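For reference, the structure discussed in these notes is given below.
The values are calculated or read from the model by the stated rules, or taken from the named source; none is laboratory data. Because the structure is predicted, anything quoted here is derived from the model rather than measured. No Cβ is skipped: glycine too gets one built from the backbone with ideal geometry, and neighbour counts run over all protein chains shown. To get the accessible areas, we keep the full protein, side chains included, count just its heavy atoms, and leave off ligands, DNA and RNA. Shrake-Rupley method; radii C 1.70, N 1.55, O 1.52, S 1.80 Å.
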Amino acid sequence: MLIKRSPDLRESDVTPKELYLRRREFLAVAGSTAVAVAANGLDFTGPSTVAAQNPGAQKLTNLTKSPFSTDEKLNSYKDVTTYNNFYEFGLDKGDPAKYAHTLKPRPWSVVVEGQCGKPGTYNIEDIMKWAPLEERIYRHRCVEAWSIVVPWIGYPLGDFLKRFEPTTKAKYVEFKTLVDPRQMPGQTEPALQWPYNEGLRMDEAMHPLALLGLGLYGEVLPNQNGAPIRLVLPWKYGFKSIKSIVRVRFVENEPLNTWKQQQASEYGFYANVNPQVDHPRWSQGSERRLGEFFRRKTLMFNGYGDQVASLYTGMDLRKSY
Ligand SMILES: Nc1nc2c(c(=O)[nH]1)N[C@H]1C(S)=C(S)[C@@H](COP(=O)(O)O)O[C@H]1N2
Ligand SMILES: [Mo]
């Protein structure tokens, strides 16, 4: 199941120059150590390939390169940080970049509760250190039929959740975003019911592709991307990847997620990317990759089917959408 990244030099004609040079540097280092690396079996570790972009942001270094990364062309830092969905800051794609400066991602803590042996309040600075940080380049597919490729930083969601020793009664895990209209002015409008809420079945949450997102492009998460802590679930529509998490709860029953609560005929609990099940108001068969002219065909589970399809054997994905 290991996917080896094959460096794609065609990126040279499209990535920003600085980034391209950093990549060449990395490839040179990787090439010279290839023999030692192969002997170790550590064929996917190494420095970050991706240079940080925002000079004011805290850099994240010593990143492990993930075997789960795609070698598709990255979207630019600008695409990733100025075309967002984060209704706590407004409904337009440009609103989060304009208004999310009011969010204070430090100090920050996460309350953990429910069916687990170690409930409590955990500090973000500690959480950041619980596992080695990885750079993971994932495709990200919004339910609105656009997609991007993002160099995330984080570690497996399972490594985070296991710390709290979920009990056998924990069949699902629920996540909630901060509620504070002073920091999140969009919460003065009833656009959605606040707090934004999401949930996963426990086996989905423990799947190695599920990432606890703590950064992107070599730095901590920009506010508009869900600082300081979010989910990244590449085989699901983007709305499952809840931002700015303050609460985690282990529960016995399927939680009601915000978009299902909003319109259950259009958005379900599972939200697996599925080109065969259209949204009632538009096709899910194709998508627009930001920065590209021609539409792409949408892939089952967003192209991650080899890894995740077995989570859903025996389920009717037309009903469990
Ligand atoms: N709290 C919160 N989380 C959220 C959202 C939101 O409005 N509020 N939007 C979701 C949707 S619809 C998408 S597509 C992704 C977008 O993530 P990005 O802006 O980092 O690309 O965030 C998801 N997480
Ligand atoms: Mo989305």
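Collect the residues in region 202-229 that are open to solvent by less than 10 Å² (accessible area, probe 1.4 Å), in a strand (DSSP E or B) and farther than 22 Å from Thr167 by Cβ, keeping them in residue-number order. The answer is Leu211, Gly213, Leu214, Gly215, Leu216, Glu219. Within region 300-321, residues that are in contact (Cβ under 8 Å) with a residue 60 or more places away in the chain sit with their Cβ atoms under 7 Å from residues that are in a loop (DSSP other than H, G, I, E, B) and surrounded by fewer than 17 Cβ atoms within 10 Å (Cβ to Cβ), at 6+ positions apart or across chains, in these pairs: Gln307/Met1. Of all residues in region 277-287, at least one satisfies being among the basic types (Lys, Arg) and away from ligand 2 (no atom under 13 Å from the Cβ). Among the residues of region 75-85, the ones that are open to solvent by less than 50 Å² (accessible area, probe 1.4 Å), under 17 Å from Gly238 (Cα atoms) and in contact with a strand residue (DSSP E or B) (Cβ under 9 Å, 6 or more places away or on another chain) come to 4 in all. Taken over region 179-201, the residue count meeting the criterion of being under 29 Å from Tyr77 (Cα atoms) and open to solvent by less than 60 Å² (accessible area, probe 1.4 Å) is 15.
Set side by side, the residues Ala51, Ala39 differ, and just one is surrounded by fewer than 19 Cβ atoms within 10 Å (Cβ to Cβ) and modelled with pLDDT under 95, which is Ala39.
Gly186 - would you say it is of a type outside the set (A, V, I, L, M, F, W, C) and more than 28 Å from Tyr304 (Cα to Cα)?
Yes: the conditions hold for Gly186.
Yes or no, residue by residue, for (1) away from ligand 1 (no atom under 13 Å from the Cβ); (2) aromatic (Phe, Trp, Tyr); (3) farther than 27 Å from Ala52 by Cβ:
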position: Glu204; (1), (2), (3): yes, no, yes
position: Leu212; (1), (2), (3): yes, no, no
position: Tyr217; (1), (2), (3): no, yes, no
position: Val220; (1), (2), (3): yes, no, no
position: Gln224; (1), (2), (3): no, no, no
position: Ile229; (1), (2), (3): no, no, no
position: Leu233; (1), (2), (3): no, no, no
position: Asn253; (1), (2), (3): yes, no, yes
position: Tyr270; (1), (2), (3): yes, yes, yes
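The single condition from (1) within 16 Å of ligand 1 (Cβ to nearest atom); (2) touching a strand residue (DSSP E or B) at 6+ places or on another chain (Cβ under 7 Å); (3) of a type in the set (A, V, I, L, M, F, W, C) that Val179 fails is (2).
Does any residue of region 126-134 turn out to be within 13 Å of the chain's Cα centre (by Cα), under 29 Å from Val50 (Cα atoms) and within 16 Å of ligand 2 (Cβ to nearest atom)?
Let us first name the residues in region 126-134 that are within 13 Å of the chain's Cα centre (by Cα), namely 134.
Then keep just the ones that are under 29 Å from Val50 (Cα atoms); that gives 134.
Those left that are additionally within 16 Å of ligand 2 (Cβ to nearest atom): none.
No, the conditions are met nowhere in region 126-134.
Identify, please: which residue in region 140-197 is under 30 Å from Ser286 (Cβ atoms) and in a loop (DSSP other than H, G, I, E, B) and is, among those, nearest to ligand 2 (Cβ to nearest atom)? Step by step, filter region 140-197, then rank; the result is Cys142. Scanning region 88-107 for residues that are crowded, with 20+ Cβ neighbours inside 10 Å and within 21 Å of Pro234 (Cβ to Cβ) gives a single hit, Pro96.
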